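As C-alpha cells, the structure follows; a few thoughts come after it.
The values are calculated or read from the model by the stated rules, or taken from the named source; none is laboratory data. Given the structure is predicted, the values throughout are model-derived calculations rather than measurements. Methodologically, a virtual Cβ is constructed for each residue, glycine included, from the backbone with ideal geometry; neighbour enumeration extends over all protein chains shown. These area figures cover heavy atoms from the full protein model, side chains too; ligands, DNA and RNA do not enter into them. Shrake-Rupley method; radii C 1.70, N 1.55, O 1.52, S 1.80 Å.
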Amino acid sequence: MPLGDNLGDKNDSRYCGVETEFNDDVPHVLSYNINGGFDFVVAPLMEPGYRPSLVNTVSRASSVLPVAGSDLVLSPAQWSSHVVGKISSWIDLDSEDDVLREDSEIALKQELAWASHLSLQACLLPTPKGNSCANYARCVNQILQNLNNMQLWLRIPLVKSDDNDDDSVNGGTSDGMAVEPNDSWEIWNSFRESCEHHSQLSIALDVLSSLPSVNSLGRWFGEPVKAAIVHTDSFLTNARGYPCLSKRHQKLLSGFFFYSIQIVLSGKAVHKLPAGSSMSGSGQTDNYAQQAQRHEIRSYLDYIGYLYQKMEPLPEQERFELGYRDFLQSPLQPLMDNLEAQTYETFEKDSVKYIQYQRAVSKALVDRIPDENASTTTVVLMVVGAGRGPLVRASLQAAEETGRKLKVFAVEKNPNAIVTLHSLVKLEGWENLVTIISCDMRCWEAPEKADILVSELLGSFGDNELSPECLDGAQRFLKPDGISIPSSYTSFIQPVTTSKLYNDVKLHNDLLHFETAYVVKLHRLAKLSPSQSVFTFTHPNYSPNKSNQRYKKLRFEVPIETGSSIVHGFAGYFDAVLYKDVHLGIEPSTATPNMFSWFPIFFPLRSPVYVKAGSPLDFHIWRCCGNTKVWYEWCVTSPTASPIHNCNGRSYWVGL
C-alpha cells in the first residue's frame, strides 16, 4: 500500500519494502508483508546454508538448486512487482580462502541467473567485504554484460568518519582497488569504476543509527541510489513509547522521498509498544484485536508513511517540469532555425519573466522622460527578436503604467511569428503604436534611432544563444545615450555529480554527445562546490576593440568534510541585469522565483574525474568565435588532466 499520494507525481518512493529472512514458503512471506502494508519484499532467493562445493560431484549434474520456491508459486507479475532478490550475504569473492572464493563466484552467478529467470526488477548484492573488491567487481561486471533489464543494487553502508589523518587517507592495497577505510563512498566508487559506470549497477544505502556530515550525505544524491535500507534499531523512542527518527534522519528521508529513492525497512521490532494500542504516525489508534493481526514492524512503517505525508505537495511549477527532469535537450539554434508555435507558447506562459521586463521598461521610461515631458515626448523603443509579441505587450503596459508615450518597432526574422504579430496588433488596436519589421535585426536599417532596445535573446548560459553577437549588431539602432534591456548578463558554472546524466550521454556511445552542452532540468545531482562567475557581457558595448571571445580558468574547492567525490560534468547558469536593480536569472543563490523559461546547461566530461577530499579542481572554459559559428571548449587540468572537449567546435556549435 503506497505511503501516500500527496506529492502530485508518480514518485517511486511512495512504495516501501521490507527485508525478510529466508523462507521456502514464498507465497506466505509475500502475503504476510503485503497485507501488513508493505509494497514489496527484499527476500533471499537461495537457502543460506547452500555451498556449491558441498554438492556431491557425481550428483551435481542432477542436483536441484535449493531456491526459495519454484517460479510457479507466484505469478510473473508478483515476482516482477513485489519481489527484490537478496543475494546470499555469505558470498565473499575477495576471500583469501580459495574454496570460499570459488563457491562465492558460482553461487553469485547461479542466484542472479535464477533472479533473471524470474524476471525480477532488481537484486540486492551483499556489501563488499574488506577494502579490496576487485574480484567481486570483475564477476559482477561479467554478469552485467549479458544481463536483461534487471538492476543490481550494491549494498553500501552509509558511513564516513571525520578522521582524515594520513593513515586513514592513504591506506589501501596495491591492486588498484584500494579505498579509504573511513568512507564507504570510496568502496562504491572503486566498485563502479571497475564496472565501467554500468547503468544497471546502482546502490542500496544501509542507513544506520549515526549519520555522516550533511556535506558528505549530499554526495549520494548525485549517485544512482535506488533504495535506502533503514534498520529498526536506528529508530528512537518518542514520549509516548512509539518509534521515531532523529531530526537528521527525518531530513535525510525527506531527501530520499524527493529523489524517488525507495525505503526498505529491516530488522525486528525493538520497541515495546504501549499495551492495547498501536499508533500510526498519523495519530490513528487500533484496538488490541487489530494490533494482534498487525505486521510486527507496522509501527515503523506507519512512521515512514507519516514522514512521507508530511512533505509539502509539489508546487505547480515543479509539477509542470516533472517530465523534463534530467531529460537532455539540445540547445536552441535561434539564428539558424525558426521556433515553432509550441515553443513560443511555452515561453509566453512564463509570466514572471515578463513582469520583470515590464518593471525594467517602466524604470527606464521614468528615467528617460521626466514627468513634466511625459505628455509631449515620445520614446522610441525597439523590440529585437519580438517573437509573437510578449515583450511588445510588456513594453506597452509599462508605458501605460508610467504615463509615457511610446512608439514601438517590433523586429522579427521568423515569417511565421510575423503572421501572429500582425494579428495581435490588429486585435489589440496597436496599429498607431507598433510597427512590425519582418527582417533579421543584423540586416535591418532603422529609419530612426531608439531610446530603448529590448530583447530576450538569453540562453541558459547567458551568451549561449548568441545574445552578444545579436545585440552588438543591433547596437547601431541605439542613440548614443540609449538604454539596452538587458544591460548585462553573467554566466556561472559549478562541478556536479550526476550519474544519471553521465549514463544517458554514454548511451550514445560516441564522442559527439560527450562534447555537447545540454539544456536540462537538473534533478538527481550533487552540487560539489558553489558556482563561480564565468563570462560577463555588457550592452551597449562601445569598446573600440570589442571581442566576444572569452577564456576563464576557475579553481573549485570541494569542502574536505564532503569527502572524495566524482565529477561527471559542470552545471551552468546565468544572471542578467535588465535595468538597474531589476534582474532575472537561474543562478541557484539568486534565482528568480517561479520562472521556468530557462533550465540550466550541462557540460559533460568524457571521463568522470575523481577528486580526493581536500583537493582543488581546476576547470578551463573558452568561448570561441568563427565566421559562421560560436562554440565552447572546456577541460579539467587538476587533479587530473582531461582532453579539451569540442576542439574547433567539431561536435557542438551555434550557427551565426
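Here's a check for you: in the stretch 329-381, which residue that is at pLDDT 95 or above, among the β-branched types (V, I, T) and part of a helix (DSSP H, G or I) is farthest from the chain's Cα centre (by Cα)?
V366
Go through L124, L118, L112 for me and flag whichever is of a type outside the set (S, T, Y), open to solvent by less than 60 Å² (accessible area, probe 1.4 Å), at pLDDT 95 or above and farther than 19 Å from R155 by Cβ.
The conditions single out L118.
Of everything in the stretch 27-41, what is crowded, with 17+ Cβ neighbours inside 10 Å and under 22 Å from N11 (Cα atoms)? Give them in sequence order.
N33, I34, G37, F38, D39, F40, V41
Picking from S246, S210, which residue would you name as being small (G, A, S) and under 26 Å from S565 (Cα atoms)?
S210
In the stretch 42-56, which residues are surrounded by 13 or more Cβ atoms within 10 Å (Cβ to Cβ) and in contact (Cβ under 8 Å) with a residue 12 or more places away in the chain?
Of everything in the stretch 42-56, those that are surrounded by 13 or more Cβ atoms within 10 Å (Cβ to Cβ) and in contact (Cβ under 8 Å) with a residue 12 or more places away in the chain turn out to be V42, A43, P44, L45, M46, E47, Y50, R51, P52.
Please list, ordered by first then second residue, the pairs with beta carbon atoms under 6 Å, 6 or more apart or interchain, first in the stretch 248-275 and at positive phi, second buried (at least 20 other Cβ atoms within 10 Å of the Cβ).
S260/N11; S260/S13
Can you find, within the stretch 402-450, the residue that is most open to solvent (accessible area, probe 1.4 Å) among those that are acidic (D, E) and in contact with a Leu (Cβ under 9 Å, 6 or more places away or on another chain)?
The selected residue is E428.
Which members of the stretch 1-21 meet the condition of being crowded, with 17+ Cβ neighbours inside 10 Å and modelled with pLDDT of 95 or more?
C16, G17, V18, E19, T20
Go through the stretch 451-469 and count every residue that is in a strand (DSSP E or B) and surrounded by 24 or more Cβ atoms within 10 Å (Cβ to Cβ).
Here the count works out to 4.
Could you check the stretch 526-560 and list, in sequence order, the residues that are under 22 Å from the mean Cα position of the chain (by Cα) and open to solvent by 20 Å² or more (accessible area, probe 1.4 Å)?
Result: K527, P530, S531, Q532, S533, E557, P559.
Only residues that are free of Cβ contacts under 8 Å to residues at least 24 places away in the same chain and outside any loop (DSSP other than H, G, I, E, B): list them for the stretch 105-147, please.
If the condition is that a residue be free of Cβ contacts under 8 Å to residues at least 24 places away in the same chain and outside any loop (DSSP other than H, G, I, E, B), then A113, Q142, Q145 are the ones that fit.
Please find, within the stretch 639-656, the residue that is farthest from E465 (Cα to Cα) out of those that are open to solvent by less than 30 Å² (accessible area, probe 1.4 Å) and among the hydroxyl-bearing types (S, T, Y).
Going through the qualifying residues, I end up with S642.
Quick check on the stretch 475-522: of everything there that is charged (D, E, K, R) and part of a loop (DSSP other than H, G, I, E, B), which residue is nearest to G569 (Cα to Cα)?
In this case the residue turns out to be E515.
Could you identify the single residue in R319, R393, R388 that is in the same structural domain as N432 (by the TED database), over 24 Å from A517 (Cβ atoms) and in a helix (DSSP H, G or I)? Before you say what the answer is, go through the steps one by one.
On the way: R319 fails: in the same structural domain as N432 (by the TED database); R388 fails: in a helix (DSSP H, G or I).
Criteria check complete, one pass: R393.
Could you tell me whether L100 is in contact (Cβ under 8 Å) with a residue 24 or more places away in the chain and part of a helix (DSSP H, G or I)?
Working: in contact (Cβ under 8 Å) with a residue 24 or more places away in the chain: no; part of a helix (DSSP H, G or I): yes.
So L100 does not fit the description; no.
Go through the stretch 561-596 and report how many residues are surrounded by fewer than 16 Cβ atoms within 10 Å (Cβ to Cβ) and of a type outside the set (D, E, K, R). First the steps, then the outcome.
Of all residues in the stretch 561-596, those surrounded by fewer than 16 Cβ atoms within 10 Å (Cβ to Cβ) come to 561, 580-581, 588-591, 593-594.
Keeping just the survivors that are of a type outside the set (D, E, K, R) gives 588-591, 593-594.
The number of residues fulfilling the criteria is 6.
With respect to S351, determine if the residue is touching a Phe, Trp or Tyr at 6+ places or on another chain (Cβ under 8 Å), over 23 Å from N432 (Cα atoms) and of a type in the set (G, A, S).
It is false that S351 is touching a Phe, Trp or Tyr at 6+ places or on another chain (Cβ under 8 Å), over 23 Å from N432 (Cα atoms) and of a type in the set (G, A, S).
If a residue must be touching a residue at least 24 places away in the same chain (Cβ under 8 Å), of a type outside the set (G, A, S) and under 30 Å from L471 (Cβ atoms), how many such residues does the stretch 543-568 contain?
Adding up the residues that qualify gives 8.
Just checking, does the stretch 528-536 include any residue being outside the structural domain of V366 (by the TED database) and under 24 Å from P315 (Cβ atoms)?
yes
Determine whether A289 is touching a Pro at 6+ places or on another chain (Cβ under 9 Å) and either at pLDDT below 85 or open to solvent by less than 20 Å² (accessible area, probe 1.4 Å) (or both).
no
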